[in-house]
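Data block below; observations after.
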Amino acid sequence: MILLNNSHKLLALYKSLARSIPESLKVYGSVYHINHGNPFNMEVLVDSWPEYQMVIIRPQKQEMTDDMDSYTNVYRMFSKEPQKSEEVLKNCEIVNWKQRLQIQGFQESLGEGIRVATFSKSVTVEHSRALLLVTEDILKLNASSKSKLGSWAETGHPDDEFESETPNFKYAQLDVSYSGLVNDNWKRGKNERSLHYIKRCIEDLPAACMLGPEGVPVSWVTMDPSCEVGMAYSMEKYRRTGNMARVMVRYMKYLRQKNIPFYISVLEENEDSRRFVGQFGFFEASCEWHQWTCYPQNLVPF
């Protein structure tokens, strides 16, 4: 695998990945952040250049110092020939199989190669899946093969009624001082490693909230290093009041103005969330969200 660290090559890769959306969207979003300051210190590996079949995004070595930190030890993959992923994962020193880690992508067919590779390394793997929800404008990138998202602002979006200010409530950027609040209410959080990860997301990536009467966030939404929008939550007292809808409309408008790609994943059985995001133009993509959580034998959870 070749380390791609030239800015011109990374921009060329970004444009090329647009042609494979939505399957490439996890990697596409990661390359976006790498090209805009690389706040999470990620690096890009390709099997060949300029013609490539596989792209892997991983943290730089200095980031992966905690063998138990699966929030940081994340590999994001896209392949034009997913069935060949086994060769790369087994024969190259690409993945540190001695750590607890996650592999993410939007191609279910990557799974077979991952399972074979993990078996050969005596690593336990758990597979989870969810629906990938996108908006029409992200799919237009595939049709146009353009990396600039200038057309996004011209696409339709929800009625402006969601944007009207409500007395005692104020839309704002989510401040890092509320990382603990987000962590305490995140299903995958509630621990010190997740708190550290959330702080980085809020500090370095777009995050928004609605401040309530006491000046404390009552609804919020964040973004991850691959441009996935998530951790969305409303305090129980303020649910079904329209606050989250107002946050989403303003947040999406900001992302479009800044030409930042975005998408959402939702569990298939979570019909309420699917209905909620549907009103903002999200619909099911032709592929799904996949995650393979890998545990070395000495780090398998009980």
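The values are calculated or read from the model by the stated rules, or taken from the named source; none is laboratory data. Predicted model only: the values in this text are computed from it and were never measured. A quick note on method: Cβ atoms are made from the backbone with ideal geometry, for glycine too, and the neighbour counts reach across all protein chains shown. What goes into the accessible areas is simple: the full protein's heavy atoms, side chains included, and nothing from ligands, DNA or RNA. Shrake-Rupley method; radii C 1.70, N 1.55, O 1.52, S 1.80 Å.
Got at least one residue in the range 129-137 being surrounded by 13 or more Cβ atoms within 10 Å (Cβ to Cβ), β-branched (Val, Ile, Thr) and modelled with pLDDT of 90 or more? Taking every residue of the range 129-137 in turn, at least one turns out to be surrounded by 13 or more Cβ atoms within 10 Å (Cβ to Cβ), β-branched (Val, Ile, Thr) and modelled with pLDDT of 90 or more. Against the numbered list (1) surrounded by fewer than 18 Cβ atoms within 10 Å (Cβ to Cβ); (2) on the phi > 0 side of the Ramachandran plot, residue 227 comes up short only at (1).
Scanning the range 230-252 for residues that are closer than 14 Å to residue 173 by Cβ and either hydroxyl-bearing (Ser, Thr, Tyr) or surrounded by fewer than 23 Cβ atoms within 10 Å (Cβ to Cβ) (or both) gives 250, 251. In this structure, is residue 275 among the basic types (Lys, Arg) and assigned to a loop (DSSP other than H, G, I, E, B)? No: the conditions fail for residue 275. Here 200, 246, 250 are screened, and the one residue that is touching a residue at least 60 places away in the same chain (Cβ under 8 Å), within 19 Å of the chain's Cα centre (by Cα) and outside the structural domain of residue 57 (by the TED database) is 200.
Residue-level check: of (1) out of contact with any strand residue (DSSP E or B) (no Cβ under 8 Å at 6 or more places or on another chain); (2) in a strand (DSSP E or B), residue 280 misses just (2).
The residues in the range 55-95 that are part of a loop (DSSP other than H, G, I, E, B), open to solvent by less than 40 Å² (accessible area, probe 1.4 Å) and over 17 Å from residue 118 (Cα atoms) can be counted, and the count is 4. Can you find a residue in the range 216-225 that is without any contact (Cβ under 8 Å) to a residue 24 or more places away in the chain and either more than 20 Å from residue 131 (Cβ to Cβ) or in the same structural domain as residue 27 (by the TED database) (or both)? No, every residue in the range 216-225 fails to be without any contact (Cβ under 8 Å) to a residue 24 or more places away in the chain and either more than 20 Å from residue 131 (Cβ to Cβ) or in the same structural domain as residue 27 (by the TED database) (or both).
Within the range 17-54, the residues that satisfy the criterion of being part of a helix (DSSP H, G or I) and either basic (Lys, Arg) or in contact with a strand residue (DSSP E or B) (Cβ under 9 Å, 6 or more places away or on another chain) (or both) are 17, 19, 20, 25, 26, 27, 28, 29, 30, 31, 33, 34.
Yes/no matrix, rows are residues, columns are (1) assigned to a strand (DSSP E or B); (2) of a type in the set (Val, Ile, Thr):
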position: 209; (1), (2): yes, no
position: 230; (1), (2): yes, no
position: 247; (1), (2): no, yes
position: 256; (1), (2): no, no
position: 259; (1), (2): no, no
position: 268; (1), (2): no, no
position: 284; (1), (2): yes, no
position: 288; (1), (2): yes, no
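Residues that are open to solvent by 10 Å² or more (accessible area, probe 1.4 Å), of a type in the set (Gly, Ala, Ser) and over 30 Å from residue 116 (Cβ atoms) occur in the range 268-280; there is at least one.
Condition check: among the charged types (D, E, K, R) and touching a Lys or Arg at 6+ places or on another chain (Cβ under 6 Å). Does residue 288 satisfy that? Spelling it out, residue 288 is indeed among the charged types (D, E, K, R) and touching a Lys or Arg at 6+ places or on another chain (Cβ under 6 Å). Taking residues in the range 68-85 that are over 16 Å from residue 99 (Cβ atoms), and partners anywhere that are among the β-branched types (Val, Ile, Thr) and part of a helix (DSSP H, G or I), the pairs with Cβ atoms closer than 8 Å and at least 6 places apart or on different chains are 77/27; 78/27; 85/114.
The number of residues in the range 24-47 being touching a Gly at 6+ places or on another chain (Cβ under 8 Å) and either open to solvent by 10 Å² or more (accessible area, probe 1.4 Å) or of a type in the set (Val, Ile, Thr) (or both) comes to 1.
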